[in-house]
Amino acid sequence: MDKTYDLNDVAMMTGFTTRTLRNYLTQGLLKGEKENGAWRFTAADLDAFFSEPFVKEGLRIKRSGAVFDFLADRKKPAARTCVILDIPASLKKGNEISSFFCARMNEAEDVSFTFDTDKGVCRVILTGEAEQVAKIMQAYFGAQLGD
């Protein structure tokens, strides 16, 4: 069975609140299935959602905001980093990439994450404590070398 995502996973990937995502569900921009009272989304559901022009613009603004906020903050208490990773990928590979980073975000304490896919390219943006971001990137590239 293919990986599915819950509302919190989608909120983490997009930077949208769960309330905004519920509004998108009501409007029909986001489609998924309810399982035991909780929304579940497939990679195809998310690909269609990310492809909506209105959503695409919102994601662009969120991504730009994450990078801008990182650059604008000149009073960082410790070493911090921002990584933008563009990965050419099929829908199946994009599903694997988003699953990998979602799992790592559930373990990270001081890292934020955005993800989207457009025209066969997955974009991952990680910002946060430098050592944690480095560990996540090492794990990602280590997993890729193991393929």
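Specify the residue that is surrounded by the most Cβ atoms within 10 Å (Cβ to Cβ); the eligible residues are those in region 9-28 that are of a type outside the set (A, V, I, L, M, F, W, C) and part of a loop (DSSP other than H, G, I, E, B).
Gly15
Can you tell me which residue is modelled with the highest pLDDT among those in region 56-73 that are touching a strand residue (DSSP E or B) at 6+ places or on another chain (Cβ under 9 Å) and among the aliphatic types (A, V, I, L, M)?
Among them, the one singled out is Leu71.
The values are calculated or read from the model by the stated rules, or taken from the named source; none is laboratory data. Keep in mind it's a predicted model, so treat the numbers as computed, not measured. No Cβ is skipped: glycine too gets one built from the backbone with ideal geometry, and neighbour counts run over all protein chains shown.
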